[in-house]
Amino acid sequence: MVPTTVTIGHGGDEGPYNYEHMLEVTFYSNGYDSTDPTAEGYVNLGTNYVMPPAYGETLEVTDMVYITSTTTKIWVEMDVLTCVDESCDMTASPEDRYFGYAFPEAHACIKSDGTQGTAWSCPGEVGSSSVDEDGNPSAVTLENKRRPMLEDQDWCNNLMTTMGNGSDCAQPRTFGKTTIGTNQEIPTVVRLIGTADVPSFAPSLIAISAAGLFVSALVLQSRRDEEEEILEEMTLEDDEQAVSPVIATILMVAITVVLSGVIYVWASSLADTSAKGVPRMTFTVDSSQAADGVDSFHRITVTGSQVELATQAIVVTFEYTDPADGETYNEAYNLADPTVYGFYPGNSPSMVTFGDSVGAEGGAVKSSLDTGDVIYVRSTNDNGDLLENLYIDVSYVPNNGVGSVLRTWTNL
């Protein structure tokens with residue numbers, strides 16, 4: 001689920017009006033399993049009922065939209081509804097609250113057989129149908145008393161989609177108009193890599209040990225070969241030059257020590273971590289926007305990583321004192337949490353959010369913690385006051401529970 005916001009403006013007739021109006025704003029997305037409300041895969045995106053903005057002003061309406069890997073568009077429908085009473089009774093159902101909120105619905109084209117087309121196929125159309133709500137033939141043509149053109153003179157701009165172009169509006173008396181197309185990209189759905197995909201350092205250490213044994217075996221084999229040659233050639237010519245066996249032994253010991261030192265340094269570099277499978281990572285912290293009021297934050301960027309880590313295995317622990325009440329809070333955030341992943345402080349109430357620099361592998365877009373990724377940590381409370389005694393740690397916590405703290409910060 002991702003937040004989607006639409007901005008609504010009020011133009012045209014300034015009013016006043018005899019009856020109060022409300023806006024019915026509904027968000028949609030395609031790509032999920034079913035459009036049948038009774039089916040298991042159906043996702044109800046919900047509907048917002050809001051008061052219209054004042055004449056010449058705008059308001060923003062936000063809702064959560066469900067997106068899958070097959071989602072290609074998001075769209076919004078806004079209906080202007082007239083309240084039955086002078087003031088809208090929000091405790092009443094929409095059918096009892098709004099005039100003409102019943103079958104046959106407005107905004108649907110009338111097909112040649114007198115039945116209604118799909119919803120919003122003809123924005124502004126009066127509701128009419130030759131069959132009843134259950135699909136049974138009606139002795140008379142059913143017609144809704146609602147007249148949408150008296151509520152809004154231009155229904156074409158009440159439909160908006162993220163696609164590049166709007167569709168033919170087919171609105172009565174405004175032929176040739178189209179709905180609004182914003183040509184916006186929708187968020188990319190990524191897959192998580194498994195924690196098993198993160199290589200362990202155990203095989204590397206085994207390989208290092210094996211390499212050390214192999215070098216020792218070579219040295220011993222070399223000494224055995226030399227001893228056999230000495231046994232076969234018991235005498236040397238007086239003018240032949242030879243290296244003393246003592247010197248040869250010293251040289252071999254020196255070579256062995258040098259090789260062991262090199263291997264030790266290599267092993268130490270690889271094994272310099274407190275848990276298997278956790279590489280060395282480097283971070284930078286930017287606090288330049290930490291004191292800018294509401295939605296201020298510290299920006300933690302991954303600047304180097306030996307290997308990518310599974311996003312769902314990364315936990316950020318955030319401890320702070322809120323000056324509003326003097327209480328100390330300790331909170332943990334998983335970077336794969338839907339309220340954390342893909343957000344930043346400006347569009348999420350979460351204290352920690354994660355901006356993933358995703359990569360593609362075999363056509364699939366995958367998520368991981370790697371170089372270029374950014375973790376945002378809020379630095380102020382809801383009033384814009386700076387949080388105190390900040391402590392942050394980023395930890396790798398795989399399913400087996402054997403993890404490690406990658407980095408900590410205090411007193412930012």
message: Among the residues of segment 313-334, are any in contact with a Pro (Cβ under 8 Å, 6 or more places away or on another chain) and farther than 30 Å from residue 61 by Cβ?
response: yes
message: Residues that are closer than 25 Å to residue 20 by Cβ and assigned by TED's automatic domain parsing to the domain that holds residue 28, at least 3 per element: which strands (runs of 3 or more DSSP E) completely within segment 73-178 meet that?
response: 74-82
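If you go through segment 379-412, how many residues are in a loop (DSSP other than H, G, I, E, B) and either charged (D, E, K, R) or out of contact with any Gly (no Cβ under 6 Å at 6 or more places or on another chain) (or both)?
14
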- request: Could you tell me whether segment 300-322 includes any residue that is under 22 Å from the mean Cα position of the chain (by Cα), exposed (fewer than 14 other Cβ atoms within 10 Å of the Cβ) and part of a strand (DSSP E or B)?
  value: yes
Long-range neighbours under 9 Å by Cβ, at least six apart or interchain, first residue in the same structural domain as residue 318 (by TED's automatic domain parsing) and under 10 Å from residue 320 (Cα atoms) within segment 379-390, second outside any loop (DSSP other than H, G, I, E, B) and of a type in the set (D, E, K, R): 387/378; 389/319; 390/319
- line: Within segment 49-69, residues being assigned to a strand (DSSP E or B) and either more than 15 Å from residue 4 (Cα to Cα) or under 24 Å from the mean Cα position of the chain (by Cα) (or both) number 9
field: Restricting segment 349-376 to residues that are assigned to a loop (DSSP other than H, G, I, E, B) and touching a residue at least 60 places away in the same chain (Cβ under 8 Å), the residue that is farthest from residue 392 (Cα to Cα)
entry: 358
task: Would you mind stating whether residue 81 is touching a strand residue (DSSP E or B) at 6+ places or on another chain (Cβ under 7 Å) and touching a residue at least 60 places away in the same chain (Cβ under 8 Å)?
output: yes
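The values are calculated or read from the model by the stated rules, or taken from the named source; none is laboratory data. Just so we're clear, the structure is a prediction, and the values are computed from it rather than from any experiment. So basically every Cβ, Gly included, is an ideal-geometry build from the backbone, and we count neighbours across all protein chains shown.
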